[in-house]
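Input: a single structure, listed below in C-alpha coordinates.
The values are calculated or read from the model by the stated rules, or taken from the named source; none is laboratory data. These numbers were taken from a predicted model, which means no experiment stands behind them. Cβ: placed from backbone, ideal geometry, glycine included. Neighbour counts: every protein chain shown. Quick note on the areas: whole protein, heavy atoms, side chains included, nothing else; ligands and nucleic acids left out. Shrake-Rupley method; radii C 1.70, N 1.55, O 1.52, S 1.80 Å.
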Amino acid sequence: MHIIPGRGVDLVKIGDHRSQVEERIGLPHHGPGGERAVYSTSPMLVITYAADGTVELVEISYSGEGGNIEAQFDGIQLTHRFLDDVVSDLHARGYTSTPSDIGHDFHAGFSVWSMHSLWAGDLDPAASEDDERAVAEGVSVAPYAYFCGE
(Lines give C-alpha, C1' and ligand atoms only; values in the text may rest on other atoms or scores of the structure.)
Protein backbone atom coordinates (compact mmCIF):
# COMPACT_ATOMS: atom_id res chain seq x y z
CA MET A 1 0.00 0.00 0.00
CA HIS A 2 1.56 3.26 -1.13
CA ILE A 3 1.39 6.29 1.13
CA ILE A 4 0.79 9.83 -0.07
CA PRO A 5 2.78 12.01 2.36
CA GLY A 6 0.65 14.53 4.20
CA ARG A 7 -2.50 13.15 2.53
CA GLY A 8 -3.05 9.45 3.37
CA VAL A 9 -3.36 6.49 1.01
CA ASP A 10 -5.46 5.88 -2.10
CA LEU A 11 -8.35 4.45 -0.05
CA VAL A 12 -8.40 7.14 2.67
CA LYS A 13 -7.23 10.74 2.61
CA ILE A 14 -6.97 13.43 5.25
CA GLY A 15 -10.24 15.39 5.23
CA ASP A 16 -12.42 12.52 3.93
CA HIS A 17 -15.63 12.13 5.89
CA ARG A 18 -16.21 8.89 7.82
CA SER A 19 -19.20 8.03 5.59
CA GLN A 20 -16.97 8.27 2.48
CA VAL A 21 -14.33 6.03 4.08
CA GLU A 22 -16.85 3.41 5.16
CA GLU A 23 -18.51 3.47 1.75
CA ARG A 24 -15.14 2.58 0.18
CA ILE A 25 -13.74 0.08 2.68
CA GLY A 26 -16.67 -1.02 4.86
CA LEU A 27 -17.38 -0.70 8.56
CA PRO A 28 -14.50 -0.94 11.02
CA HIS A 29 -14.04 -4.15 12.96
CA HIS A 30 -13.04 -2.14 16.04
CA GLY A 31 -14.07 1.35 17.14
CA PRO A 32 -17.23 2.04 15.07
CA GLY A 33 -18.37 5.61 15.71
CA GLY A 34 -15.33 6.34 17.88
CA GLU A 35 -12.42 8.70 17.39
CA ARG A 36 -10.18 5.82 16.24
CA ALA A 37 -11.39 3.01 14.02
CA VAL A 38 -9.59 -0.13 12.83
CA TYR A 39 -10.42 -1.44 9.36
CA SER A 40 -9.89 -4.95 8.00
CA THR A 41 -7.76 -4.03 5.01
CA SER A 42 -4.44 -5.53 4.02
CA PRO A 43 -2.39 -4.07 5.56
CA MET A 44 -4.69 -2.96 8.36
CA LEU A 45 -5.66 0.72 8.48
CA VAL A 46 -6.27 2.64 11.70
CA ILE A 47 -8.05 5.92 11.09
CA THR A 48 -8.30 8.79 13.58
CA TYR A 49 -11.31 11.03 13.06
CA ALA A 50 -11.69 14.65 14.14
CA ALA A 51 -14.79 15.76 16.08
CA ASP A 52 -16.50 16.69 12.79
CA GLY A 53 -16.10 13.13 11.47
CA THR A 54 -13.29 13.86 9.03
CA VAL A 55 -10.03 11.92 8.78
CA GLU A 56 -7.12 13.59 10.58
CA LEU A 57 -4.62 10.68 10.67
CA VAL A 58 -4.15 7.53 8.59
CA GLU A 59 -2.05 4.73 10.11
CA ILE A 60 -0.86 1.66 8.23
CA SER A 61 0.22 -1.40 10.21
CA TYR A 62 2.77 -3.95 9.04
CA SER A 63 1.29 -7.02 7.39
CA GLY A 64 4.26 -9.27 8.11
CA GLU A 65 4.16 -10.51 4.53
CA GLY A 66 6.72 -8.13 3.03
CA GLY A 67 6.74 -6.75 -0.49
CA ASN A 68 3.92 -4.63 -1.90
CA ILE A 69 1.57 -5.61 0.91
CA GLU A 70 3.66 -3.51 3.31
CA ALA A 71 3.49 0.29 3.40
CA GLN A 72 5.58 1.77 0.58
CA PHE A 73 6.83 5.20 -0.44
CA ASP A 74 9.10 6.25 -3.30
CA GLY A 75 10.11 2.65 -3.97
CA ILE A 76 11.01 2.01 -0.31
CA GLN A 77 9.30 -0.60 1.84
CA LEU A 78 8.48 1.27 5.05
CA THR A 79 7.13 -1.47 7.33
CA HIS A 80 8.38 -4.88 8.42
CA ARG A 81 12.03 -3.83 8.02
CA PHE A 82 14.57 -2.59 10.51
CA LEU A 83 13.63 0.98 11.40
CA ASP A 84 17.20 2.28 11.06
CA ASP A 85 17.39 0.84 7.52
CA VAL A 86 14.11 2.51 6.53
CA VAL A 87 15.23 5.87 7.92
CA SER A 88 18.63 5.54 6.22
CA ASP A 89 17.02 4.74 2.85
CA LEU A 90 14.67 7.73 3.14
CA HIS A 91 17.46 10.09 4.19
CA ALA A 92 19.56 8.86 1.24
CA ARG A 93 16.71 9.95 -1.05
CA GLY A 94 16.76 13.42 0.51
CA TYR A 95 13.81 13.15 2.88
CA THR A 96 14.44 14.86 6.20
CA SER A 97 13.08 13.92 9.59
CA THR A 98 13.15 14.56 13.28
CA PRO A 99 13.42 11.70 15.77
CA SER A 100 10.45 10.97 18.02
CA ASP A 101 10.16 8.74 21.04
CA ILE A 102 8.99 5.82 18.84
CA GLY A 103 10.56 6.52 15.43
CA HIS A 104 11.03 9.37 12.97
CA ASP A 105 8.65 12.12 11.82
CA PHE A 106 9.36 13.06 8.22
CA HIS A 107 8.85 16.65 7.11
CA ALA A 108 7.12 15.39 3.94
CA GLY A 109 4.14 14.38 6.11
CA PHE A 110 4.50 10.92 7.62
CA SER A 111 6.02 9.08 10.54
CA VAL A 112 7.67 5.65 10.63
CA TRP A 113 7.62 4.00 14.04
CA SER A 114 8.05 0.95 16.24
CA MET A 115 6.15 0.01 19.37
CA HIS A 116 8.65 -2.81 19.93
CA SER A 117 6.03 -5.53 19.64
CA LEU A 118 8.31 -7.21 17.09
CA TRP A 119 11.94 -7.99 17.76
CA ALA A 120 14.97 -8.34 15.51
CA GLY A 121 14.55 -12.13 15.35
CA ASP A 122 11.27 -11.65 13.49
CA LEU A 123 13.31 -10.35 10.54
CA ASP A 124 16.74 -11.86 11.10
CA PRO A 125 16.84 -15.51 12.20
CA ALA A 126 20.48 -15.01 13.25
CA ALA A 127 19.57 -12.21 15.70
CA SER A 128 20.49 -12.82 19.30
CA GLU A 129 17.97 -12.38 22.10
CA ASP A 130 19.61 -9.10 23.15
CA ASP A 131 19.51 -7.60 19.63
CA GLU A 132 17.95 -4.16 20.12
CA ARG A 133 17.29 -3.26 16.48
CA ALA A 134 13.77 -1.85 16.19
CA VAL A 135 11.43 -3.19 13.52
CA ALA A 136 9.29 -0.62 11.66
CA GLU A 137 5.78 -1.69 12.61
CA GLY A 138 3.73 1.17 11.25
CA VAL A 139 3.45 4.40 9.33
CA SER A 140 1.29 7.38 10.27
CA VAL A 141 0.33 9.86 7.56
CA ALA A 142 -0.76 13.44 8.18
CA PRO A 143 0.65 16.91 7.57
CA TYR A 144 3.97 17.32 9.45
CA ALA A 145 2.35 19.86 11.79
CA TYR A 146 0.23 17.02 13.22
CA PHE A 147 3.36 15.22 14.44
CA CYS A 148 5.05 18.26 15.96
CA GLY A 149 1.92 19.44 17.76
CA GLU A 150 1.36 22.65 15.81
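The condition of being part of a loop (DSSP other than H, G, I, E, B), within 18 Å of residue 62 (Cβ to Cβ) and either within 15 Å of the chain's Cα centre (by Cα) or not aliphatic (A, V, I, L, M) (or both) does not hold for residue 111.
Restricting attention to region 90-100, the residues being open to solvent by 70 Å² or more (accessible area, probe 1.4 Å) and within 15 Å of the chain's Cα centre (by Cα) number 0.
Among residues of region 58-78 that are at positive phi, those with a beta-carbon under 8 Å from a residue that is aromatic (Phe, Trp, Tyr) and open to solvent by 20 Å² or more (accessible area, probe 1.4 Å) at least six positions away or on a different chain give the pairs 74/95.
Whenever a residue of region 1-21 is within 14 Å of residue 71 (Cα to Cα), its partners that are aliphatic (A, V, I, L, M) and surrounded by fewer than 17 Cβ atoms within 10 Å (Cβ to Cβ), lying with C-beta atoms within less than 6 angstrom and at least six residues away or across chains, give the pairs 11/25. Total residues in region 48-89 satisfying the condition of being aliphatic (A, V, I, L, M), surrounded by 13 or more Cβ atoms within 10 Å (Cβ to Cβ) and assigned to a loop (DSSP other than H, G, I, E, B): the figure is 3.
Can you say whether residue 18 is under 30 Å from residue 121 (Cα atoms) and among the basic types (Lys, Arg), as far as the supplied structure shows? Give the steps one after another, and end with the answer.
Numbers: under 30 Å from residue 121 (Cα atoms): no; among the basic types (Lys, Arg): yes.
Spelling it out, it is not the case that residue 18 is under 30 Å from residue 121 (Cα atoms) and among the basic types (Lys, Arg).
Taking into account only those residues within region 114-150 that are assigned to a strand (DSSP E or B) and not hydrophobic (A, V, I, L, M, F, W, C), which is nearest to residue 88 (Cα to Cα)?
Taking region 114-150 as the starting set, the residues that turn out to be assigned to a strand (DSSP E or B) are 135, 138-141.
With the extra rule that they be not hydrophobic (A, V, I, L, M, F, W, C), the set shrinks to 138, 140.
Details: 138: 16, 140: 18 Å.
It comes out as 138.
Scanning region 14-41 for residues that are within 19 Å of residue 62 (Cα to Cα), open to solvent by 50 Å² or more (accessible area, probe 1.4 Å) and not in a loop (DSSP other than H, G, I, E, B) turns up 30, 36. Scanning region 86-119 for residues that are of a type in the set (A, V, I, L, M, F, W, C) and without any contact (Cβ under 8 Å) to a residue 60 or more places away in the chain turns up 86, 87, 90, 92, 102, 112, 113, 115, 118, 119.
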